[in-house]
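Enquirer: Submitted below is the structure of interest, expressed as structure tokens.
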Amino acid sequence: MLPARPYAPDWFTVDDSTLGVALVYPMRGPAGIFGPACELCAQLAAEEVNRAGGVLGRELRLLPVDGGGDPRRVADEVSALVSTGVVHGVTGWHISSVRQALAPRIAHRVPYVYTALYEGGENTRGVFLTSETPHDQLRPAMRLLAGERGARRWFVVGNDYVWPRRTALAARRYAAEGGGRVCGQAYLPLDTHEFAPVLGQIERSDADAVLMLLVGSDAVRFNRAFAMAGLDQRCLRLSTLMDENMLLASGPAATGGLFSTAGFFASLANQDTLDFHGQYANRYGIEAPVPGSLGESCYEGVLLLAALVERAGTLDVSAIGAAADAVSYEGPRGLLRLRRGHVRQRIYLAEADGMDFDVVAELTLDKASD
């Protein structure tokens, strides 16, 4: 029998007046570089929800859980919190291998809002997804770069787990659609520090573009090594996971010819984005981590979880799923709606410009999906 309320800190109390939500985000490992922004953005959203009356009249309280550890251990911890009634929902940014371990354990018991970009294809009952998939994010970006920058021979560099490998399979199709090809690929363990072998492979290939599917600090170290090898003079880089915190850590000397595609950039200058930045700065000050796309996703995760429960009027996962297609929420990316468990959204392509991203295009999305 499980002990009562495992893992919850002393300050986290649960009663009928509160609704506990596990916020699963990376506190260590390569993705830990943007973990602080994830936590701050989620807390900002929770405070907004509570000012508006909470969820079903209850105060929403976030319980941070380290999503940067072994996926099975993360799933064990969150599952125990659900089993003992400490948390009534789960959200946050964490890599796909954590989601794959977690979803079968908890999604049929509590609503689970997954905020990370991922490889597509998730359809577990009770899982709701706010972020990008390759069909809407990578495909139009590769198409645009092929047409306007002549990028047709791609070398894929990714971490060795499900998201990079499945995204690379999709990239082969997308490159062929534009008359190009993937001419090489390499998969590296998480927390890689030595990139000389893969840089040698790129140099010996005929690649004119590199698709980076690296997480957090791994991407930062790759950017620096890539530029030091002079490959930035020959190949452009495209990443589907590169926020402003990673850009700052890479440094301006390492980001020439670097493109990123995402549903949110801090440099977007529309009213929704400006309002979000104003709220964030007022709450945390100008020294806080940049609320880039990965942190902003956790803000949306909290808003969507609250909207799902409010719309259903219950915490029952079946009822929440039945009402989900009628759910919408308004955040830094404007008014967004769910469709078959996924948020349909605008996607942008940006080019690194020193220490910031310059948004160069809003990408055209196809009607079909992965």
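The values are calculated or read from the model by the stated rules, or taken from the named source; none is laboratory data. Note that the coordinates shown come from a computational prediction; the quantities given were computed from them, not determined experimentally. Glycine also receives a Cβ, built like all others from the backbone with ideal geometry; neighbour counts cover every protein chain displayed. The area values use the complete protein model at the heavy-atom level, side chains included, leaving out ligands, DNA and RNA. Shrake-Rupley method; radii C 1.70, N 1.55, O 1.52, S 1.80 Å.
Enquirer: Would you confirm whether or not the range 222-241 contains a residue that is without any contact (Cβ under 8 Å) to a residue 60 or more places away in the chain and on the phi > 0 side of the Ramachandran plot?
Expert: Yes - at least one qualifying residue is present in the range 222-241.
Enquirer: Go through (1) modelled with pLDDT of 95 or more; (2) open to solvent by 20 Å² or more (accessible area, probe 1.4 Å); (3) touching a Leu at 6+ places or on another chain (Cβ under 7 Å) for SER328 and report which single condition fails.
Expert: (1)
Enquirer: Within the range 112-143, can you find the residues that are more than 22 Å from LEU303 (Cβ to Cβ) and among the hydrophobic types (A, V, I, L, M, F, W, C)?
Expert: Selection gives LEU138, ALA141, MET142.
Enquirer: Something else about it: Limited to the range 250-269, what total is found for residues that are closer than 24 Å to GLY200 by Cβ and out of contact with any Leu (no Cβ under 7 Å at 6 or more places or on another chain)? Break it down stepwise before answering.
Expert: Going residue by residue through the range 250-269, those that are closer than 24 Å to GLY200 by Cβ are 250-251, 253-259.
From what's left, out of contact with any Leu (no Cβ under 7 Å at 6 or more places or on another chain): 250-251, 253-254, 256, 258.
Final tally of qualifying residues: 6.
Enquirer: In contact (Cβ under 8 Å) with a residue 12 or more places away in the chain, among the charged types (D, E, K, R) and within 11 Å of ASP356 (Cα to Cα) - does that describe any residue in the range 256-274?
Expert: no
Enquirer: For PRO64, state whether it is at pLDDT 95 or above, open to solvent by 20 Å² or more (accessible area, probe 1.4 Å), over 16 Å from GLN100 (Cβ atoms) and in contact with a Pro (Cβ under 7 Å, 6 or more places away or on another chain).
Expert: no
Enquirer: Next question, about the same structure. Restricting the range 78-97 to residues that are among the β-branched types (Val, Ile, Thr) and in contact with a helix residue (DSSP H, G or I) (Cβ under 9 Å, 6 or more places away or on another chain), which is nearest to ALA31 (Cα to Cα)?
Expert: The extreme case among them is ILE95.
Enquirer: Let me ask something else. Any chance you could count how many residues in the range 253-304 are open to solvent by 10 Å² or more (accessible area, probe 1.4 Å), at pLDDT 95 or above, under 25 Å from ASP232 (Cα atoms) and hydrophobic (A, V, I, L, M, F, W, C)?
Expert: 1
Enquirer: Next up: Which pairs turn up if I take residues in the range 343-358 that are among the small types (Gly, Ala, Ser) and look for partners that are open to solvent by less than 20 Å² (accessible area, probe 1.4 Å) and part of a strand (DSSP E or B) with beta carbon separation below 8 Å, at least 6 apart in sequence or on another chain?
Expert: ALA350/PHE259; ALA350/SER260; ALA350/THR261; ALA350/ALA262; ALA350/PHE357; ALA352/LEU258; ALA352/PHE259; ALA352/SER260
Enquirer: Within the range 192-207, is there a residue that is more than 24 Å from TYR174 (Cβ to Cβ) and in contact with a strand residue (DSSP E or B) (Cβ under 7 Å, 6 or more places away or on another chain)?
Expert: No, the range 192-207 contains no residue that is more than 24 Å from TYR174 (Cβ to Cβ) and in contact with a strand residue (DSSP E or B) (Cβ under 7 Å, 6 or more places away or on another chain).
Enquirer: Could you grab the pairs with beta carbons closer than 8 Å, sequence gap of 6+ or different chains, first residue in the range 314-328 and on the phi > 0 side of the Ramachandran plot, second one at pLDDT below 95 and part of a loop (DSSP other than H, G, I, E, B)?
Expert: Qualifying pairs under 8 Å: none.
Enquirer: Of the numbered conditions (1) assigned to a helix (DSSP H, G or I); (2) modelled with pLDDT under 95, GLN201 satisfies every one except a single condition; which is it?
Expert: It is condition (2) that GLN201 fails.
Enquirer: Restricting to the range 194-210, and then to whatever is more than 25 Å from the chain's Cα centre (by Cα) and within 13 Å of ALA227 (Cβ to Cβ), can you tell me which residue is most open to solvent (accessible area, probe 1.4 Å)?
Expert: Going through the qualifying residues, I end up with LEU199.
Enquirer: Can you spot a residue in the range 233-251 that is touching a Gly at 6+ places or on another chain (Cβ under 7 Å), surrounded by fewer than 20 Cβ atoms within 10 Å (Cβ to Cβ) and assigned to a helix (DSSP H, G or I)?
Expert: no
Enquirer: From ALA168, ALA116, ALA176, grab the single residue that is open to solvent by less than 30 Å² (accessible area, probe 1.4 Å), among the small types (Gly, Ala, Ser) and more than 30 Å from VAL309 (Cα to Cα).
Expert: ALA168
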